[in-house]
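Trainee: Take a look at the following structure, please.
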């Protein structure tokens, strides 16, 4: 099922292109209102999801780079062992892989992840995220859906 890897490459390209656009066009924390409850806002995440460990002294950069590389290798191995009928699982894994690599590129080059998608309601803002994060979340959700689907097929 390695034939699904172009999806990962597409995610990486879109992710990196949109991040390049964001850092080219916006100052840090500058916002462009797109529509109610959604802005484009440039932010840098030195931590993991929801800025976990962002306040640490810098060791987390290399920890998250290493972790993402290990996870990426595991995802590639998992993908290589899939049967040809496991299309949703393959799509899920390649979305997660593309997102992981997109964010690891940022960490490796910049030392942080570039985020710019700002969803909010009233004064409550969801943590700012990016295309790679979106691909990881969609991939994980599809993987969960696929696991429930497989469970119901076995009954």
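Trainee: Looking at the chain as a GNM with Cα springs under 10 Å, which of 14, 101, 114 has the largest mean-square fluctuation?
Mentor: Comparing 14, 101, 114 in the GNM, the peak value goes to 14.
Trainee: Kindly state, to the nearest 0.05, the FRET efficiency for residue 87 paired with residue 134, given R0 = 22 Å and r defined as their beta-carbon distance.
Mentor: On the way: r = 21 Å, r/R0 = 0.93.
After rounding to 0.05, the efficiency reads 0.60.
Trainee: Let me make sure I get this right: for segment 93-150, a, b and c are the square roots of the gyration tensor eigenvalues over alpha carbons, sorted descending. Under 1.5 in a/c it's rounded, otherwise prolate if a/b > b/c, else oblate. Which is it? List each step's numbers first, then the result.
Mentor: Working: a/c = 4.03, a/b = 1.21, b/c = 3.32.
Oblate shape, in that a/c is at least 1.5 and b/c is the bigger or equal ratio.
Trainee: Sticking with this structure for a sec: If I compute semi-axes √(5λ) of the Cα gyration tensor in Å from the structure I just sent, which labelled value in (i) 31, 18, 14; (ii) 43, 18, 11; (iii) 29, 19, 14 lines up?
Mentor: Computed from the coordinates, semi-axes √(5λ) of the Cα gyration tensor in Å corresponds to (iii).
Trainee: Using a Gaussian network model on the chain with a 10 Å cutoff between Cα atoms, which of 76, 93, 42 fluctuates the most?
Mentor: 76
Trainee: Give the calculated FRET efficiency between residue 13 and residue 121 to the nearest 0.05, with a Förster radius of 41 Å applied to their Cβ-Cβ distance. Mind showing how you got there, number by number?
Mentor: Working: r = 31 Å, r/R0 = 0.76.
Approximately 0.85, to the nearest 0.05.
Trainee: So if R0 is 25 Å, what FRET efficiency would residue 145 and residue 21 give, r being the distance between their Cβ atoms, rounded to the nearest 0.05?
Mentor: Values: r = 31 Å, r/R0 = 1.25.
Calculated value: 0.20.
Trainee: Would you mind ranking 120, 44 so that the residue whose beta carbon has the fewest other beta carbons within 10 Å leads the list?
Mentor: Values: 120 14, 44 17.
Final ranking by Cβ density, sparse to dense: 120, 44.
Each reported figure results from applying straightforward, stated rules to the coordinates on display, with no laboratory input. This one's a predicted model, so the numbers in the text were calculated from it and none came from an experiment. Glycine gets a Cβ as well: all are built from the backbone with ideal geometry, and neighbour counts include every protein chain shown.
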